[in-house]
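Structure, as structure tokens:
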Amino acid sequence: MLKNYILIAFRQFTRHKMFSALNVFCLAIGISFCLLMGQYFLHERAVNGDLRNVRQQYFITSNWKIKETGPQITTVGPLAKSLKTNYPDLVSNYYRFNPVTTVLSAGDKHFKEDVAIGDTTLVSMYGFPVLYGDPEHAFVNNSSAVITEELAMKLFGQKNAINQTVTFTTTNGTTQDYKVTAVLKSMPYNTLNNLLSKKGYSMFIPFEGNQYYPGIGTGEELWTGYFTVGYVELMPGVNPDRLAGPVKKLLALNAPENISKNLNVEFRPMQSYYLDANNGAIAKTLSILAVVAMSILLLAVINFVNIMVGTSSYRIKEIGLRKVFGGRRKQLILQYLTESIVLTGFAAMLSVLFYSLFRPLFNEVLNTTLPSLTAFDSKEISLLGVFVLLVGSIAGLYPALILSGSEMVSSVKGKLDSVDKGVWMRKSLLVLQFTIAIGVFIFSMTISNQVKFFFSTDLGYNKDQLMVIQAFPKQWDSAGVMKMESIRNSLSGLSAVKDATVSFEVPERTPLSKNLVIPDGSRNNETVSVQTVTVDENYASAFGLHLLEGRFFRKQEGGFVSGETVINESAMKSFGWKSAVGKRLHQVNGTGFLTVVGVVKDFHQGSLHDPISPFNFIHVKDANSYRYLTVKLRPGNIPDEIALVKARWKEVSPNSPFEFFFMDEKVQSMYQSEMQLKKAAGIATGLMLLIVLLGIFGVLTLALTKRTKEIAIRKVLGANLTHILSLFINQYAGLLLIANLIAWPLAYYFSNRWLQQYAYRIIQPISNYFIAGIFVTAIAFVLISWQCLRAALANPVSSLHAE
């Protein structure tokens, strides 16, 4: 029986080649896009999935009652360890680390690398695959180092680096030697290894004995510090809510009041942290792309339904005769479902080709690596098969029910009343198609406008020609600052360099350093949290900051005065000041006062996701710390200028790697997910319009084929071309109008919901709605007119010769 159904299906396809090809092509587009988005969805959902016991792993984050007191992604240093020590029935393991960036050396090879100084529980807790060494005892002693195979190749030219020595540079200019005791295999992307590090950590070393911060330590045992990244692994069956009481007890017993009464500790599941971080940015993007992919597939299914029901008139008598000869309705339903599934199977085979063709494009658009077809496992292949069966069944169900439900007498006579009664359904489906296409078009333009806003809005500083160099060697004392200033001055003397500045931060993120201050005139000595940025006297001129009041730090020849600060206008407003110069800030967590000498106009220290916060500048000589040396290049040949700066760098700092980025590129990278969404939405909009147009083409061709003689008779009776065109255009004009009336408010609602995540955002222009509505309407009318024109210009004699 099934073989017979499949044979009949093939005959129907060959009999109506054009309509079958339209259905296959549209379904193939929908399935391939869903396949691409499905692989991207699985790829993003798999982040952190390789960690051992990931369902029991939790990331400790901080929610401060007084906002901006400290970072969200770090916690009090001893907390994770204390939970394990004091509550072993709840916590089975812990891991903490302090992320640093320093120079790692082996012989005459020097590389800037991200290093995690942390607990020795790393490998045993997370089960990272070990290429060389003992996984159970990856760290042998306090001088042990676990490195990645990539770092082993860079430093030693081979992956087996066991017992090799890596020299680690500290912040006072001295070095420590670490012996490699384990080499990790290439680590898949996860938020443990990539937290605060774009490329991941290449070396892991113990807290104990580390001298990166001489005389200070990394703070992992200090209840007064809250800059340690912490993780815990809970016992099986333990809910993180059970840790709320123990955390409060430990903080109350050990931490000072400004921490214990201000800090709410949260335990966030590692399994979903990547998706939920940054206010769920990744999860929102995946949800949008999933909806878009299903919308494209829905448009293709609607085309299938409309064309399938529309071609039913060719099979009316077949249906009637099969019923006369005893065919039951469920057999007819199975017949049409089989045809639908077979046709969807052809579409799936074509979609596999589309997947291979467009995979490189989507890898670039989404900045990912989607697997090739040969890398699909049996589970993924099975899911694809189930998906094809499901799509085929859904697409064929409505036509099968409509056609099989026709009355026997009417079918034998060549009439199909049930199809005529279902005209409203087909029109509703067309309205749904137009609504989805117009709505996604508007949403895509909203995304595009917001992305343009990111790059066109005034950031408050000049990001062009700014070359940011990683400032090495790090020597965080007065001698080290003087040495870095000497390097800065040497680079400033180059003809290609307009200005140069040393700082701890550049405008790429919200500064991690916070300062609690009591401003002059504060009622009841209320504290205010300000973000603190360490800079030198050239920072304002190099970045093009605008002074509203007072001055910036003095140039060297004017002498350096300790205890001065420059604030931004948001800080001045938060302090309740109308004028700031000469006023003082009492440092709650520090010593003494800071005297305000200037106010700069607000500028965006981070992305436009977050509002501008109050912050203050302090001089590098007050902080004795730095991370970046930024040079302002003169307009000219950038490659030649880079080569000139590099050559001078090698002269003044020969043992330090020369690594840099440009500020405008860094700003662009802040909005990577939005750029990806913009490109994907643009592609999706194009595919949707293509499917809708192909659907209109198919439905209209079918309608014209059925009404060929009607058109011929109208022409013989004197109807002109305009009357014939208006006959068909009027049928679709009402549908397009209804679609716009539905799509516009829906598009506004969802676009506005998406925009709410940005502190600085566009106001949706009404022009987007008119552009989308007019564009879709115009191309639909052009296609309708072109099709009708061909039918209207045909010789009526050839259409009526059989009469």
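The values are calculated or read from the model by the stated rules, or taken from the named source; none is laboratory data. Keep in mind that what you see is a predicted model, and the values were worked out from it rather than measured. Cβ: placed from backbone, ideal geometry, glycine included. Neighbour counts: every protein chain shown. Please note that ligands, DNA and RNA were not included when accessible areas were found on the heavy atoms of the full protein model with its side chains. Shrake-Rupley method; radii C 1.70, N 1.55, O 1.52, S 1.80 Å.
Laid out as a table, the results:
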item: Count of region 100-130 residues which are surrounded by 18 or more Cβ atoms within 10 Å (Cβ to Cβ) and not in a loop (DSSP other than H, G, I, E, B); result: 17
item: Meets criteria (touching a Phe, Trp or Tyr at 6+ places or on another chain (Cβ under 6 Å), closer than 23 Å to ASP664 by Cβ and either free of Cβ contacts under 8 Å to residues at least 12 places away in the same chain or of a type in the set (S, T, N, Q) (or both)) for SER503; result: yes
item: Region 52-69, subset open to solvent by less than 10 Å² (accessible area, probe 1.4 Å) and within 25 Å of the chain's Cα centre (by Cα), residue farthest from ARG268 (Cα to Cα); result: SER62
item: Residue in region 540-548 that is in a strand (DSSP E or B), over 28 Å from GLU257 (Cβ atoms) and of a type outside the set (Gly, Ala, Ser) present; result: yes
item: Test result for LYS601, at pLDDT 95 or above, within 32 Å of the chain's Cα centre (by Cα), open to solvent by 30 Å² or more (accessible area, probe 1.4 Å) and not aliphatic (A, V, I, L, M); result: yes
item: Filter result (aromatic (Phe, Trp, Tyr) and open to solvent by less than 30 Å² (accessible area, probe 1.4 Å)) within region 251-288; result: TYR273
item: Yes/no for PHE139 being surrounded by 23 or more Cβ atoms within 10 Å (Cβ to Cβ), modelled with pLDDT under 95 and in contact with a Ser or Thr (Cβ under 9 Å, 6 or more places away or on another chain); result: no
item: Residue match in region 469-480 (condition: open to solvent by 10 Å² or more (accessible area, probe 1.4 Å) and among the aromatic types (Phe, Trp, Tyr)); result: yes
item: Boolean, ASP602 is among the charged types (D, E, K, R) and in a loop (DSSP other than H, G, I, E, B); result: yes
item: Criterion (modelled with pLDDT under 90 and open to solvent by 20 Å² or more (accessible area, probe 1.4 Å)) met by exactly one of PRO214, PRO236; result: PRO214
item: Criterion (assigned to a helix (DSSP H, G or I) and closer than 26 Å to PHE168 by Cα) met by exactly one of GLU665, GLU651; result: GLU651
item: From the options LEU401, LEU384, residue that is under 29 Å from the mean Cα position of the chain (by Cα), assigned to a helix (DSSP H, G or I) and either closer than 27 Å to TYR749 by Cβ or at pLDDT below 90 (or both); result: LEU384
item: In region 485-514, residue least open to solvent (accessible area, probe 1.4 Å) [restricted to those that are outside any loop (DSSP other than H, G, I, E, B) and farther than 25 Å from ASP640 by Cβ]; result: SER503
item: Residues located in region 726-735, provided they are open to solvent by less than 70 Å² (accessible area, probe 1.4 Å) and over 17 Å from GLY698 (Cβ atoms); result: SER726, LEU727, ILE729, ALA733, GLY734
item: Subset of region 474-517 (residues that are within 27 Å of LEU459 (Cα to Cα) and of a type in the set (Val, Ile, Thr)); result: VAL497, THR501, VAL502, VAL506, THR510, VAL517
item: From SER579, SER529, residue being among the small types (Gly, Ala, Ser), more than 30 Å from LYS650 (Cα to Cα) and outside any loop (DSSP other than H, G, I, E, B); result: SER529
item: Residue that is modelled with the lowest pLDDT [pool: residues in region 523-549 that are under 18 Å from ILE618 (Cβ atoms) and open to solvent by 50 Å² or more (accessible area, probe 1.4 Å)]; result: THR527
item: Of the criteria (1) buried (at least 22 other Cβ atoms within 10 Å of the Cβ); (2) at pLDDT 90 or above, which one VAL517 fails; result: (2)
item: Search result, residues across region 31-51 that are aliphatic (A, V, I, L, M), surrounded by fewer than 21 Cβ atoms within 10 Å (Cβ to Cβ) and outside any loop (DSSP other than H, G, I, E, B); result: LEU42
item: Residue check for PRO765: open to solvent by less than 100 Å² (accessible area, probe 1.4 Å), without any contact (Cβ under 8 Å) to a residue 40 or more places away in the chain and closer than 23 Å to MET445 by Cβ; result: no
item: Residue in region 222-238 that is touching a residue at least 60 places away in the same chain (Cβ under 8 Å) and more than 22 Å from LYS84 (Cβ to Cβ) present; result: no
item: Odd one out for TYR461 among (1) crowded, with 21+ Cβ neighbours inside 10 Å; (2) closer than 25 Å to VAL588 by Cα; result: (2)
item: Residue, nearest to ASN48 (Cα to Cα), within region 184-211, restricted to residues that are of a type in the set (Gly, Ala, Ser) and exposed (fewer than 15 other Cβ atoms within 10 Å of the Cβ); result: SER186
item: Pairs with Cβ under 7 Å, 6+ apart, first in region 338-358 and more than 14 Å from ALA395 (Cβ to Cβ), second surrounded by fewer than 17 Cβ atoms within 10 Å (Cβ to Cβ); result: VAL352/LEU373; TYR355/LEU373; SER356/LEU373
item: Residue satisfying condition, being touching a Pro at 6+ places or on another chain (Cβ under 8 Å) and buried (at least 21 other Cβ atoms within 10 Å of the Cβ), within set VAL247, VAL292, VAL229; result: VAL229
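Let's see how each residue does on (1) under 30 Å from THR167 (Cβ atoms); (2) among the charged types (D, E, K, R); (3) out of contact with any Lys or Arg (no Cβ under 9 Å at 6 or more places or on another chain); (4) open to solvent by less than 70 Å² (accessible area, probe 1.4 Å):
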position	(1), (2), (3), (4)
ILE642	yes, no, yes, yes
ALA647	yes, no, yes, yes
ASN655	yes, no, yes, no
GLU659	yes, yes, no, yes
GLN672	no, no, yes, no
